[in-house]
Amino acid sequence: MYTLLSHSRTIFMGKETRCYEHATSTNEIASILLSNFRPAEGTAILTFDQTAGKGQRGNTWLSEAGKNIAVSYILYPLFISAAKQFLLAQAIALGVCDFIRQYIDSNEVRIKWPNDIYVGSKKIAGILIENTISNAGIKNSIIGIGINVNQTNFDNKLLNPTSFTKETGKEFNLPGLAENLSACLEPRILALKAQKTALIETDYLNNLYKYQQSATYLDSDGIPFEGTIIGIAPGGKLIVQIKDKNCLFDLKEISFC
Ligand code: BTN
């Protein structure tokens, strides 16, 4: 069962929001909806109690019941080719940063490549985008966003979590936040639609965690190395300068220390 909400502040993002009291995974619900009909562009599936959240790299996304936002948006960005799909991830990560900066007074809100959202060195939000590709471009996209809001105790398995409450000492109203998230994402999607690619790419770099800073990373064998992030390749790989060489890394080939 869900409650249907209609957001008045947006043109399409979250305009239709299906708010579930409990849900296994909002990405899974979005996928089931898509297999049955064509939900309106920007339809949001929202819950504050997600019990089997999916994370990146096959991980689970843990969230205490009633404390956080778990939302998935459905988009049909056919105008983005398969080769350029990282642009969508960049635009969404920027929208989530815009949103978090409205509540957390910090210059330290950053995107950790590819699209984790950090405050300082702690993760406050995660994004899982699942695209269905056709010859013409991205046929549909499920944009899953998990944001730690009022949770203060986290599973020990998680490396460095934080939340709105941990950063500010305040409690937040989840439905109000969810509506504002839609309003923050929409201009970034519209910029994407208007082909403002260079703007999105530059903004992404300007918000990128450890950009142009020398740091230690681990390779896929767990061996540490020193390098400096100097950019993003067109397909979304991370470009790291190691000594005098520029090396490209895919998701599984590098981890941050
Ligand atoms: C990550 O591993 O950092 C990505 C986490 C993404 C979690 C969100 S919560 C809403 C949506 N539904 C899911 O099952 N996963 C995403």
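Read-outs: derived from the displayed coordinates by stated rules, not from any lab. Just so it is clear, the model here is predicted, and its values are computed rather than measured. Reconstructed Cβ throughout: ideal geometry from the backbone, glycine too, with neighbour counts over all protein chains shown.
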Worksheet, complete the sentence: Quick calc, the chain, dipole around Cα centre from Cβ unit charges on Lys, Arg (+) and Asp, Glu (-), nearest 20 debye, gives 340
Worksheet, complete the sentence: By Cβ neighbour count within 10 Å, fewest first, THR3, THR17, THR165 rank THR3, THR165, THR17
Item to complete: Under a 10 Å cutoff between Cα atoms, tell me which one of GLN50, GLN213, GLN85 has the largest fluctuation in the Gaussian network model of the chain.
Response: GLN213
Discussion item. Running a GNM on the chain with Cα contacts under 10 Å, which residue among LEU238, LEU174, LEU33 ends up with the highest mean-square fluctuation?
Written reply: LEU33
Discussion item. Let me spell out the model: positive unit charges on the Cβ of Lys and Arg, negative unit charges on the Cβ of Asp and Glu, origin at the Cα centre of the range 46-109. What dipole size does that give, in debye rounded to 20?
Written reply: 280
Worksheet entry | Fully extended contour minus Cα-Cα distance, from GLN241 to ALA40, at 0.36 nm per residue | 68.0 nm
Discussion item. As I understand it, the value is the acute angle between the Cα axis of helix 86-101 and the longest principal axis of the Cα atoms of the chain; what does it come to in degrees, rounded to 10?
Written reply: 70
Worksheet, complete the sentence: The computed P(r) of the range 136-257 puts the percent of Cα pairs beyond 22 Å at 56
Discussion item. Along the charge dipole of the chain, pointing to its positive end and built from +1/-1 on Cβ of Lys, Arg, Asp and Glu, which listed residue (GLN85, THR47, PRO114) has its Cα farthest out?
Written reply: GLN85
Worksheet item: Which angle from 0 to 90°, rounded to the nearest 10, does the C-alpha axis of helix 197-206 make with the longest principal axis of the chain?
Response: 70
Item to complete: Report, to the nearest 10°, how far helix 26-36 tilts away from the longest principal axis of the Cα atoms in the chain, using its own Cα long axis and a range of 0 to 90°.
Response: 60
Item to complete: Quickly work out the GLU130-to-LEU78 label distance, labels modelled 7 Å from Cα along the C-beta direction, and quote it in nm with one decimal.
Response: 2.3
Worksheet item: How far is the Cα center of the range 5-53 from the Cα center of the range 142-210, in Å?
Response: 17
Worksheet entry | Net lengthening on full extension, ASN153/PHE225 (0.36 nm per residue, minus Cα-Cα) | 22.7 nm
Worksheet item: Considering the chain as a Gaussian network with a 10 Å cut-off on Cα pairs, which listed residue, GLY42, GLY144, GLY169, attains the greatest mean-square fluctuation?
Response: GLY169
Worksheet entry | FRET efficiency, 1/(1 + (r/R0)^6) with R0 30 Å, evaluated for ARG57 and TYR103 via beta carbons | 0.60
Worksheet item: Magnitude of the Cβ-charge dipole of the range 1-63, K/R +1 and D/E -1, about the Cα centre, nearest 20 debye?
Response: 180
